[in-house]
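See below for the structure under consideration.
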Amino acid sequence: MSARSIRDAAAIVGMGLTQFGELWDRGPEDLIVEAALAAVEDAGMTLSDVDAFWLGTRATGMSGLTLSRPLKLAGRPVTRVENFCATGSEAFRNAAYAAAAGAYDVVMALGVEKMKDAGTSGLVPVPVPEDGTRTELTGPAYFSLLVPAYAERHGVSREELRRVLTHIAAKNHFNGARNPKAQFRKEVTAETIERSPRVAGDLRVFDCSGVSDGAAAAVIVRGEDASSRRPDPVYVKGLALVAGDGSGQRDTEYDFTTFPEVVAAAEQAYAQAGVEDPARELALAEVHDCFTPTELVLMEDLGFSARGSAWKDVLAGRFDLRGDLAVNPDGGLKSFGHPVGASGLRMLYECWLQLRGAAPAERQIDLRGRTLGLTHNLGGPPGDCVSFVSVVGTHRG
């Protein structure tokens, strides 16, 4: 059983996004204020018009006070949520449900993370009590397991897969180079990618997403009220969040060529949105390319490619900026950066721009008459993760 659909019952009417990157001159309060004010300005509102707030952050702050203090809010609820790398999406999901339920007229979802001040070179660690039996691997080490597994399962040489991973990295850097808010804004050649230092297994530096600071926010209202707020809202069509049972870490049959949680979340979101053929019905997809082989596997888990054929579709350019289905046209985690609490909302920001034809001309995709976009997050290692999928669109009904 999946959640009841709230298709068209909630809509985005404004969004704000900060620069992503090594923002040494700005603290989390600065980023929160910038994203929130940009979102309400985009919606033609002020902060006083927002009835309730949902804050997503992995480790930048505790409680709703993290948001209420810098925004000088008084007398309004702020709910702080965390769900690994799907944290920003979780804030959006909960805020959208609140608007759809009619609990509030106007709500805001905001995600923020200040990772470069954490003193770590990767994701911000949050130690939790456990019994000491869990496998301790780095993120790159976990996700590097996808490469030999995919090669063996689908009969693809490691050399050919190296070309595929390089294409994904180069594609996302190409897109990010055209995005003024991205962390990395330079195109990178295949030679540079393939000669970069090895990190884990077949993964090299340019196969890994950036560690960055940033914030993003969305203003959400009831779907029935959206058209009176602005002429071009973006409606929620489907929302799905799946938390796995961790069996992939224990099951000897798990082969590291799929994320079962992603498959389940996608099926639920598509059913809610009425999507039957995502590869043909979606105009774009923003996916969680924490590492290049992750994006490869996601193309199959999300139904964009048949099992065992995504590598061919990648090399054929199907998912390039001017391809049949643009994947990560804003540069993705790879080039845009990955401040954990903000990434899910950053993905929605790109759908907000692209579906309304508001992206910069050099990055605006050909919508081909399509009106739907997808965002996807996953958090945790293969076989033991959470996954979020949303479908949003510009037409109601």
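Overview of values
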item	result
Mean ellipticity per residue at 222 nm, deg cm²/dmol - from DSSP H runs of n ≥ 4 across the chain, formula -39500 (n - 2.57)	-10500 deg cm²/dmol
Gyration tensor (alpha-carbon) shape descriptor, the stretch 53-115, a/c threshold 1.5	oblate
Ranked by how many other beta carbons lie within 10 Å on average, peptides 85-96, 244-255 from highest	85-96, 244-255
Crossing angle, helix 28-42 versus the chain [Cα axis fit, 0-90 degrees, rounded to tens]	70 degrees
Residue among Glu82, Glu136, Glu187 with the largest mean-square fluctuation in a Gaussian network model of the chain, springs linking Cα atoms under 10 Å	Glu136
Efficiency of FRET between Ser227 and Asp277 - r from beta-carbon atoms, R0 30 angstrom, step 0.05	0.60
For the stretch 295-305, 3J(HN,Hα) per residue [Karplus equation, 6.51 cos²θ - 1.76 cosθ + 1.60, θ = phi - 60°, Hz, x = Gly/Pro]	4, 4, 5, 5, 4, 8, 5, 8, x, 7, 9
Whole-Hz ³J(HN,Hα) from phi, Karplus 6.51 cos²θ - 1.76 cosθ + 1.60, for the stretch 213-227, glycine and proline x	9, x, 8, 8, 8, 9, 9, 10, 10, 4, x, 5, 9, 5, 5
Ranked order, His288, His395, His167 - accessible area, probe 1.4 Å, largest first	His395, His167, His288
Top of Thr294, Thr166, Thr192 by mean-square fluctuation, Gaussian network on the chain, Cα under 10 Å	Thr192
Listed pairs Lys72/Lys114; Lys72/Lys237; Lys114/Lys186 exceeding 27 Å between Cα atoms	Lys72/Lys237
Within the accessible area of the chain (1.4 Å probe), percent carbon and sulfur	50 percent
For peptides 25-34, 151-160, sequence by mean Cβ density within 10 Å, most packed first	25-34, 151-160
Percent of beta bridges antiparallel (DSSP, the stretch 1-115, rounded to nearest 5)	0 percent
Candidates Glu286, Glu22, Glu362, ranked by Gaussian network fluctuation over the chain, Cα under 10 Å, top entry	Glu362
Helix axis angle, 340-355 relative to the chain longest principal axis, alpha carbon, degrees	80 degrees
C-alpha long axis of helix 87-101 to longest principal axis of the chain, angle in °	40 degrees
Debye intensity ratio in log₁₀ form over the Cα atoms of the chain, taken at each q of 0.14 Å⁻¹	-1.20
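The values are calculated or read from the model by the stated rules, or taken from the named source; none is laboratory data. As the structure is a prediction and not an experimental result, all values here were calculated from the model. No Cβ is skipped: glycine too gets one built from the backbone with ideal geometry, and neighbour counts run over all protein chains shown. Heads up: the accessible areas ignore ligands, DNA and RNA and are worked out on the full protein's heavy atoms, side chains in. Shrake-Rupley method; radii C 1.70, N 1.55, O 1.52, S 1.80 Å.
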